[in-house]
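Worksheet for the structure shown next.
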Amino acid sequence: MDRNRNVLAWAFMGIGAAMGFGALLSLFRTLTELNSDFLPSLILNLIISVLFVLSAYSGYGLLKNKYWAYPALFKLSFGWLFIFPLGTVLGLYYFWFNHKYGKNAS
């Protein structure tokens with residue numbers, strides 16, 4: 001269990017932080033380019049940035065075995081399923097881990 005938990009925690013922290021940084025850079029670039037597609041692009045970048053930053057923080061909580069990390073990552077994994085192919089693998093891996101080791105999401 002600990003090996004799977006550590007792999008998941010580092011994967012969520014590493015991928016979430018790297019992609020969150022990229023999404024935040026894209027968000028700032030969108031803010032500097034004020035054009036007609038400003039609002040939809042801004043909202044999409046903001047949602048993606050929040051998903052990645054929360055995933056990285058929840059991955060840290062999973063690494064430290066905090067009780068709040070399990071339901072948070074369960075909910076965030078649904079968002080990761082749409083990021084094909086790496087996010088899909090990561091989300092399915094967390095669902096398998098959550099099912100196998102009995103951490104119920106509330």
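Bear in mind these aren't lab numbers, they're just calculated from the coordinates by the rules spelled out. Keep in mind that what you see is a predicted model, and the values were worked out from it rather than measured. Backbone-built Cβ (ideal geometry, glycine too); neighbour counts: all protein chains shown.
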> Going out from 0 in 10 Å bins, what whole percent of all Cα-Cα distances in segment 55-106 drops into each bin?
Replying inline: 28, 59, 13
>> Projecting each Cα onto the charge dipole of the chain (Lys/Arg +1, Asp/Glu -1 at the beta carbon, about the Cα centre), which of Ile48, Ala9, Leu34 comes out farthest on the positive side?
In response: Ala9
>> To the nearest 20 Debye, how big is the dipole of the chain about its Cα centre, given +1 on the beta carbon of each Lys and Arg and -1 on that of each Asp and Glu?
In response: 520
> Taking Cα pairs under 8 Å and at least six residues apart, what relative contact order does the chain come out at, in percent?
Replying inline: 31
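At 20 °C and 1.002 mPa s, what whole-number value in µm²/s does Stokes-Einstein give for the translational diffusion of segment 1-55, with Rh from the Kirkwood sum over Cα pairs?
177
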> What list of ³J(HN,Hα) values in whole Hz, one per residue of segment 4-9 in order, does the Karplus curve 6.51 cos²θ - 1.76 cosθ + 1.60 (θ = phi - 60°) give from phi, with Gly and Pro shown as x?
Replying inline: 5, 5, 5, 4, 5, 4
> Working out 0.36 nm times the residue gap between Trp68 and Asn4, then minus their Cα-Cα distance, what length gain in nm do you get to one decimal?
Replying inline: 21.3 nm
>> On a straight-distance basis, which aspartates and glutamates could pair with Lys64 in a cross-link, Cα separation under 14 angstrom, same-chain partners fewer than 8 positions away excluded?
In response: Asp2
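So what is Rg over Rh here for the chain, counting just Cα atoms and using Kirkwood for Rh?
1.05
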>> Only sites in a loop by DSSP and with at most 13 other Cβ atoms within 10 Å count here; which chymotrypsin sites (Phe, Trp or Tyr not before Pro) in segment 28-106 make the cut?
In response: Tyr67, Trp68, Phe82
